[in-house]
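The values are calculated or read from the model by the stated rules, or taken from the named source; none is laboratory data. For clarity, every value in this text was computed on a predicted model and none was experimentally measured. Cβ atoms come from the backbone with ideal geometry, glycine included; neighbour counts cover every protein chain shown. Just so you know, the surface numbers come from the protein's heavy atoms only, side chains and all, with ligands and any DNA or RNA stripped out. Shrake-Rupley method; radii C 1.70, N 1.55, O 1.52, S 1.80 Å.
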Amino acid sequence: MDPLLSLGLGLLLLLLWARYKGLEYVLVHHRWVFVCLFLLPLSVLFDIYYQLRAWAVRRLHSAPRQHSQRVRHIQAQVQEWKNEGSKTYMCTGRPGWLTVSLRVGKYKKIHKNIMINLMDVLEVDTERQIVRVEPLVSMGQLTAHLNPMGWTIPVVPELDDLTVGGLIMGTGIESSSHIHGLFQHTCVAYELVLADGSLVRCTPTENSDLFYAVPWSCGTLGFLVAAEIKMIPAKKYVKLHYRPVRGLEKICEKFTEESKKKENHFVEGLVYSLEEAVIMTGILTNEAEQSKINRIGNYYKPWFFRHVETYLKANQTGTEYIPSRHYYHRHTRSIFWELQDIIPFGNNPVFRYLFGWMVPPKISLLKLTQGEAIRKLYEQHHVVQDMLVPMKSLEKSIQTFHSDLNVYPLWLCPFILPNNPGMVHPKGDEAELYVDVGAYGEPTTKQFEARASMRQMEKFVRSVHGFQMLYADCYMTREEFWDMFDGSLYHKLREHMHCKEAFPEVYDKICKAARH
C-alpha cells in the first residue's frame, strides 16, 4: 500500500475513534494522540516563525531603533489608563497561556491589559561584558544569539522558552548558580515604565531600592521594558562527570561538598529514589577527547535524565564532553521529565529517530489546549514545584518530599543566596548556600491531597527559612506568604510609587486563596 495512503487511512481511523470516544475523553486519557498529531507540528511552525523573525531583526539591526518607539507606546497606554480614571488594575496584555507557568491567570480578563511587544536583543557590549535585552527574549533565543559571538550569560535556566522578564519578575536558576546566584543576581540594570507612565532605570547605585525590589515582584511595581545582564566568555564544551551515590546521608554530604567547590562550574543532582542519586559536576573547556563527546541536544539522543540514570543502573562513574549549548538546554527536549507523562513512548528510539526533531511541544500550546478537565486533573494529581531551602536542611527536605509527595526524580540545584535587600535573602547577615529541590510529576503517596499536602510542604519550607518559587500553585494565606517572604522594601515602594491603585499585590496574583 502506498505510504501516504496508509498514513491517511491511519489518521482517518484515529479521528473516527476520537469522535466515537469523545474529544474530552481522548484529551484526558490519550493526550498523546492530540499532542503528536497537532501540537508537535504546530510547535515546529512556532519555532520556525520566531527563528526567522530573530534572524531578520539581527540582519536589519532594527531592534534598537524600534525599542524607544515601543516603550513610548507602553507609556501612552498607561497614560490612557490614567485618563480613563484608573478604574481597575493594570497587567501585561500577554495571554496567560503563553507563559511557562502552569497557573491560570484569570485576572487578565478583568484588568487593564497593557500590550508589551518587546522580544529582541538590543545590544551586546563586549567591553562592559553586558548584554541588553527586552523582557520577552527567551533563553533559547539569547544563547543562540550570544554563543556564535563567543559569549554566554552566567546563569542559563534550562528550558528554551523561559523569558528574561519571567526570570526577573519571578526567578531563575541553573547548575552554575552555586557561583553566580539566581538569575536576578546576574542582572546589573532594569528599565521600567512605572504606574505614572514615567520611564526609570535602576541599578545597585541608581534607584537602588527599586532595583532590589523588582525580582520576585511579578510585575506589581511596574512594567519591565529592558534589562542588562552580565556576560562571560563562552567555551565549546562542558566536561561533565557523573557520579552515582547511594544512601541519603552520603547523597547530601557529597552534593554539599561539590556545591562548595568554586572549581566546579556546574553542579547538579538527580535523585531517583530516597537512597539513590547521580551527582554531576562540570567545567567549561575548549578541549575535548573526541571519543567522549556526547551531543545530547541532538533530537535522536535519549532524554537527558534517562541517560543520567544509566550511570546509576550500571553503578559506575563516567565523564563526557557536552557541547555547551546542548548542556545549557539539556532538559528542554523532555521538559525535565514531564514529557513522559504526556508522550509515554517519547524516549523510545523509534519515536526519537522518526519524530524527535519535533519535540518538545510548546508548553504554551499544552496550556492553551488542556481544557478545564485536564487542568483540574493536573491540579489534583500532578505536582510541579520548586522549593528553595538552605543546604543545611537538604537531608530533611528530601525526606519531607519523599513522605509528602514521593515524586521521582527530584532535581537538586545549588545556589548562593547573597544578603541583598528584597523579598528573598538568607536569615542571617551573610550569604548562604541554598538548594532548589524540584518535584515534577504524579505523587504516589496514598495520602496525597493537593491542597492539604502542599500546605504541609509550604509549612515545612517556612520552618527552615526557605522559599517557594512563585510560578507554581501556592496555597498559603496572606500572613503565611509574608512570613515566608520579606515584604518590607516591597510594601514601602508600593506605597511610595502609588502602585496600590495600579497593580495588585503579588500575593493576589500568585496565591490560590486570593485569585479571582
With DSSP loop assignment and no more than 12 other C-beta atoms within 10 Å, the GluC sites (Glu not before Pro) in segment 106-179 are E127
If each of E479 and E263 carries a label point 7 Å out from its Cα toward its Cβ, how far apart are those two points in nm? 5.2 nm
Which listed pairs, of K301/K446; K108/K427; K82/K509, have C-alpha distances above 29 Å, in listed order: K301/K446; K108/K427
Distance in nm between pseudo-label sites at D341 and K396 (7 Å out along the Cβ direction from Cα): 2.8 nm
Do any GluC sites (Glu not before Pro) in segment 182-234 lie in a DSSP loop with no more than 15 other beta carbon atoms within 10 Å, and if so, which? E206
Probe 1.4 Å, accessible area per residue of segment 256-295, Å²: 47 Å²
Projecting each Cα onto the charge dipole of the chain (Lys/Arg +1, Asp/Glu -1 at the beta carbon, about the Cα centre), which of T369, M90, P233 comes out farthest on the positive side? T369
Report the gain in length on full extension from Q316 to K500: 0.36 nm times residue separation, minus Cα-Cα distance, nm rounded to one decimal. 60.6 nm
Please identify every one of the GluC sites (Glu not before Pro) in segment 393-501 that sits in a loop by DSSP and has no more than 13 other beta carbons within 10 Å of its own beta carbon. E430, E449, E501
Amide hydrogen neighbours beyond the local backbone of M90, cut-off 5 Å, H modeled: K112, F503
Counting each DSSP H run of 4 or more residues in the chain as -39500 (n - 2.57), what helix-only mean residue ellipticity at 222 nm follows after dividing by all residues, to the nearest 500 deg cm²/dmol? -11000 deg cm²/dmol
Remind me, relative contact order of segment 116-263 in percent, using alpha carbon pairs under 8 angstrom and six or more residues apart? 25 percent
